[in-house]
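Contents: one structure, followed by commentary.
The values are calculated or read from the model by the stated rules, or taken from the named source; none is laboratory data. Not measured: the values here are computed from a predicted model. Cβ placement follows ideal geometry from the backbone for every residue including glycine, while neighbour counts extend to all protein chains displayed.
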Amino acid sequence: MKLKLPHLEASKPAEEKLPVQRFKAVIAYDGTSYSGWQFQSNAITVQQVVEDALKWLEGAPVRINGSSRTDAGVHAKGFVGHFDMTKPIPAEKIARAMNSRLPESVRFMKVTKVKPDFNARLDAYGKEYRYQIYQAPIMPPHLVPYWTYCHKPLDLKAMQEGAKYFEGKNDFRSFAATPPDKPLNNTVRNVYSCKVKKSGPKYTIIVRGDGFLYKQVRSMAGFLISVGKGTEKPEAVKELLEHPIPRTARVETAPARGLFLWKVFYSPIKK
């Protein structure tokens, strides 16, 4: 009796895996309606809407790793993130595709292909933040989301003198808040430059450094506003840096809406 052999199916070739490519994206966003950059389970963040659009583009979940965090209401002109994709889409077309899916408050400004080990946070030399103040009797309503209003006159020279004291390697404990998710350990940071510029009613504080503590720039801006108003002397900045203590009510945190993450540097920073 002839044995019947079971039907043998031809083995299917293994699915070919597409190569993973890493991309660097420069992202701008209006932070007014978002609870910061970092993903949160109970709030809408910029990272969440970006990853939703990347998932649509890739057809699978994609994680984007940011160069830093920004607080609720803070804006960005040059935030940087890196992400991996397998879809064979040229870098120059990713920004257009993403912007067709993202809300108008978030935009991919530029996308470039980078080495597989590029890291948006760890490879950064430092960052530039800008804080915007509008000083006049009346605040134009279209500027409200992006400028902090001050009706009292500000002494530009005093603010510039106070800003100089921030430059250098210092303990910024007096100008930082304790993050909600971890304690403050090392509070020493190197501020390469801190300048105050004025154009009509608009004052801009420009700070460059190797990194910044939680709410550090907003605290620096808040104190310089106090210096401009005359309630603090410029030398008080030096005093607080030389004798650092946990931040008190003396150092006000300026509103989030005036702050922009302006640029992330991936080469040595010029003052």
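Within segment 37-46, can one find any residue that is under 13 Å from ALA256 (Cβ atoms), at pLDDT 95 or above and of a type outside the set (Ser, Thr, Tyr)?
Within segment 37-46, one or more residues are under 13 Å from ALA256 (Cβ atoms), at pLDDT 95 or above and of a type outside the set (Ser, Thr, Tyr).
Failed condition for PHE223, given (1) buried (at least 17 other Cβ atoms within 10 Å of the Cβ); (2) in contact with a strand residue (DSSP E or B) (Cβ under 8 Å, 6 or more places away or on another chain); (3) closer than 30 Å to ILE138 by Cα, with all others met?
Condition not satisfied by PHE223: (2).
Residues being within 26 Å of the chain's Cα centre (by Cα), loosely packed, with under 15 Cβ neighbours inside 10 Å and of a type in the set (Ser, Thr, Tyr): count how many of those fall in segment 226-265.
Selection size over segment 226-265: 1.
What's the total number of residues in segment 163-217 that are among the acidic types (Asp, Glu) and touching a helix residue (DSSP H, G or I) at 6+ places or on another chain (Cβ under 9 Å)?
1
For segment 54-86, which positions are of a type in the set (D, E, K, R) and either part of a strand (DSSP E or B) or at pLDDT 95 or above (or both)? Can you show your working first?
Here is the first cut: in segment 54-86, the residues of a type in the set (D, E, K, R) are 55, 58, 63, 69, 71, 77, 84.
LYS55, GLU58, ARG63, LYS77, ASP84, listed by residue number.
When you go through ARG257, ARG247 one by one, which is the residue that is in a helix (DSSP H, G or I), within 30 Å of ASP30 (Cβ to Cβ) and among the basic types (Lys, Arg)?
On the way: ARG247 fails: in a helix (DSSP H, G or I).
So the residue among ARG257, ARG247 that is in a helix (DSSP H, G or I), within 30 Å of ASP30 (Cβ to Cβ) and among the basic types (Lys, Arg) is ARG257.
Between a first residue in segment 99-124 that is within 17 Å of TYR34 (Cβ to Cβ) and a second residue that is part of a loop (DSSP other than H, G, I, E, B), which pairs have beta carbons less than 9 Å apart while being 6 or more apart in sequence or on different chains?
Pairs found: GLU104/ASP30; SER105/ASP30; SER105/TYR34; VAL106/ASP30; VAL106/TYR34; PHE108/LEU102.
Could you please let me know if LEU102 is in the same structural domain as ALA28 (by TED's automatic domain parsing), part of a loop (DSSP other than H, G, I, E, B), crowded, with 16+ Cβ neighbours inside 10 Å and not hydroxyl-bearing (Ser, Thr, Tyr)?
Values: in the same structural domain as ALA28 (by TED's automatic domain parsing): yes; part of a loop (DSSP other than H, G, I, E, B): yes; crowded, with 16+ Cβ neighbours inside 10 Å: yes; not hydroxyl-bearing (Ser, Thr, Tyr): yes.
Yes; evaluated as a whole, the condition is true for this residue.
Which of the residues belonging to segment 87-99 are outside any loop (DSSP other than H, G, I, E, B) and either at pLDDT below 95 or among the hydrophobic types (A, V, I, L, M, F, W, C) (or both)? First the steps, then the outcome.
Of segment 87-99, the ones outside any loop (DSSP other than H, G, I, E, B) are 91-99.
Across segment 87-99, the qualifying residues are ALA91, GLU92, ILE94, ALA95, ALA97, MET98.
Could you name every one of the strands (runs of 3 or more DSSP E) located completely within segment 110-204 that has at least 2 residues being at pLDDT 95 or above, within 20 Å of the chain's Cα centre (by Cα) and not hydroxyl-bearing (Ser, Thr, Tyr)?
126-135, 188-199
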